[in-house]
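K.L.:
Starting off with a structure, shown below.
The values are calculated or read from the model by the stated rules, or taken from the named source; none is laboratory data. Owing to the predicted nature of the structure, the values given are computational and were not obtained by experimental measurement. Cβ sites come from the backbone with ideal geometry, for glycine too, and all protein chains shown count toward neighbours. Surface accessibility is based on the protein's heavy atoms, side chains included, excluding ligands, DNA and RNA. Shrake-Rupley method; radii C 1.70, N 1.55, O 1.52, S 1.80 Å.
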Amino acid sequence: MRTAITNDIKYVGVNDHITDLFEGQYIVPNGIAYNSYVIMDEKIAVMDTVDEKFTQQWLQNLKNALNGRNPDYLIVQHMEPDHSANIVNFINEYPDAKIAASDKAFVMMKNFFGTDFADRQIILKEGDTLSLGRHTLTFLAAPMVHWPEVIVTYDSFDKVLFSADGFGKFGALDVQEDWACEARRYYIGIVGKYGMQVQMLLKKTAALDIQKICPLHGPVLEENLGYYLNLYNTWSSYEPEEEGVVIAYTSVYGNTKKAAMELAECLKANGCPKVVVNDLARCDMAEAVEDAFRYSKIVLATTTYNGDIFPFMREFINHLTERGFCKRTVAFIENGSWFPAAAKIMKGMLEKSKDITYAENSVRILSALNSENMGQINALAEEMCR
Ligand code: FEO
């Protein structure tokens, strides 16, 4: 794998193919990378550490890159343990190095490690700079992208933005895969709640001449940066990325599933540009949440269950609302054998979601699909394709 990002910036990160659930909940079929970089100049800065499972590999990568020299600074942009776990190990190895981070990051160091490294602190504020020689680093606060202590770093010599979790993705760097799919699932799942803060960061960085983006996960981005910046602008402004209909359903005995499948066929027959169907009990929930934010319209189909709705649908809608779901068209299919209340409950769960257009048509099944339901499905498909 390429380690030279520029003449002076070296990659010293690691690939993780061990973790089953990233952050305890996201499947990572192609693993994940914890990126770390070294800027070699008259002074040397190391950008972040890596997850605790990779201490030895990271220290070895670092040693190879340093080529007998000692680092002067460890820049801590983000304190989540996938990046901060080796701060103490780093200081044990390089006791003369200083740590540069935001004041909030030092409070977190005290909480994580029992020390805030008072003897070697450089507290970074918005706009502070650090000269390494040729390279001058400028630090920008990026609160809630994705924790409150986050800073990003701009190197004006190589025109590199070190973007912390921003522009990150699932997937280790020794696996080839499409960027957008796993970057979107990562963004919506992990940073999606903080669209406003991402928008603020995008505005701040818009004035910079950026040639490369070095995130803490995923590949270094260096060509066609407008593509990535545009996607981040779309995602963080909660605008749909594509026209299309997602049908998210749960089904106990297959009747609600049948309605979902019939609707999918009708949508396609009506010329809907994209139809995605997700069985919430069986699919990757993070992928289903990603789809809900990706497309312009969604149909929620579930049963009344224990006086509520089926648990996977409740979980799904909670994921949407806690991430600020808005600006979409929503329709309902409900099923109930004696007291169908699912549509009302689902709508109630979306009460605080802004700019939602509810479809005029809905489908109400009383156990199994009948001809009346088929008429409702056709009407709903026709409306959703308008
Ligand atoms: Fe990759 Fe928010 O840590």
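K.L.:
Taking E80 as the residue in question, decide whether it is within 16 Å of the ligand (Cβ to nearest atom) and of a type in the set (D, E).
P.N.:
Yes.
K.L.:
Could I ask something else about it? Which of the residues spanning the range 253-294 are of a type in the set (G, A, S), farther than 29 Å from Y26 by Cα and assigned to a helix (DSSP H, G or I)?
P.N.:
Within the range 253-294, A259, A269 meet the criteria.
K.L.:
Still on this structure, please answer the following. Could you list, ordered by first residue, the pairs with Cβ atoms under 8 Å in which the first is in the range 275-286 and touching a residue at least 60 places away in the same chain (Cβ under 8 Å) and closer than 14 Å to I317 by Cα and the second is crowded, with 18+ Cβ neighbours inside 10 Å and among the hydrophobic types (A, V, I, L, M, F, W, C), at least 6 apart or interchain?
P.N.:
A286/I188
K.L.:
Next up: Mind checking whether some residue in the range 182-204 is more than 15 Å from the ligand (Cβ to nearest atom), touching a strand residue (DSSP E or B) at 6+ places or on another chain (Cβ under 8 Å) and open to solvent by 10 Å² or more (accessible area, probe 1.4 Å)?
P.N.:
Checking the range 182-204: at least one residue is more than 15 Å from the ligand (Cβ to nearest atom), touching a strand residue (DSSP E or B) at 6+ places or on another chain (Cβ under 8 Å) and open to solvent by 10 Å² or more (accessible area, probe 1.4 Å).
K.L.:
Output the number of residues of the range 277-295 satisfying the condition of being out of contact with any Ser or Thr (no Cβ under 8 Å at 6 or more places or on another chain) and either acidic (D, E) or farther than 23 Å from K193 by Cα (or both).
P.N.:
So the count comes out to 6.
K.L.:
Considering (1) free of Cβ contacts under 8 Å to residues at least 40 places away in the same chain; (2) touching a helix residue (DSSP H, G or I) at 6+ places or on another chain (Cβ under 7 Å); (3) within 22 Å of C272 (Cβ to Cβ); (4) assigned to a loop (DSSP other than H, G, I, E, B), say which one L320 fails and leave the rest.
P.N.:
(4)
K.L.:
Going by the structure shown, is L173 outside any loop (DSSP other than H, G, I, E, B), away from the ligand (no atom under 14 Å from the Cβ) and open to solvent by 10 Å² or more (accessible area, probe 1.4 Å)?
P.N.:
No: the conditions fail for L173.
K.L.:
Right, next: In the range 363-386, which residues are crowded, with 17+ Cβ neighbours inside 10 Å and hydroxyl-bearing (S, T, Y)?
P.N.:
Scanning the range 363-386 gives no hits.
K.L.:
Just give me the residues in the range 111-141 being out of contact with any strand residue (DSSP E or B) (no Cβ under 7 Å at 6 or more places or on another chain) and surrounded by 13 or more Cβ atoms within 10 Å (Cβ to Cβ), in sequence order.
P.N.:
F112, F113, T115, D116, I123, G133, R134
K.L.:
If the requirement is being within 24 Å of N15 (Cα to Cα), among the β-branched types (V, I, T) and open to solvent by less than 30 Å² (accessible area, probe 1.4 Å), which of these qualifies: I75, I99?
P.N.:
Being within 24 Å of N15 (Cα to Cα), among the β-branched types (V, I, T) and open to solvent by less than 30 Å² (accessible area, probe 1.4 Å) holds for just one of I75, I99, which is I75.
K.L.:
Considering the range 20-44 alone, what residues qualify as being more than 11 Å from the ligand (Cβ to nearest atom) and closer than 15 Å to I213 by Cα?
P.N.:
Passing the criteria: S36, Y37, V38, I39.
K.L.:
Right, here's the next one. Does the range 67-75 contain at least one residue that is under 20 Å from V175 (Cβ atoms), among the β-branched types (V, I, T) and either assigned to a loop (DSSP other than H, G, I, E, B) or within 16 Å of the ligand (Cβ to nearest atom) (or both)?
P.N.:
No, every residue in the range 67-75 fails to be under 20 Å from V175 (Cβ atoms), among the β-branched types (V, I, T) and either assigned to a loop (DSSP other than H, G, I, E, B) or within 16 Å of the ligand (Cβ to nearest atom) (or both).
K.L.:
Could you give me the residue pairs with C-beta distances under 6 Å whose first residue belongs to the range 219-231 and is touching a residue at least 40 places away in the same chain (Cβ under 8 Å), whose second residue is assigned to a helix (DSSP H, G or I) and surrounded by 12 or more Cβ atoms within 10 Å (Cβ to Cβ) wherever it lies, and which are 6+ apart or on separate chains?
P.N.:
The qualifying pairs are L221/Y228.
K.L.:
Could you check D16 against (1) closer than 30 Å to C283 by Cβ; (2) surrounded by fewer than 19 Cβ atoms within 10 Å (Cβ to Cβ); (3) not polar (S, T, N, Q) and say which number it fails?
P.N.:
Condition (2) is where D16 drops out.
K.L.:
Of all residues in the range 142-170, count the ones that are open to solvent by 40 Å² or more (accessible area, probe 1.4 Å), of a type outside the set (F, W, Y) and either within 10 Å of the ligand (Cβ to nearest atom) or not assigned by TED's automatic domain parsing to the domain that holds I18 (or both).
P.N.:
0
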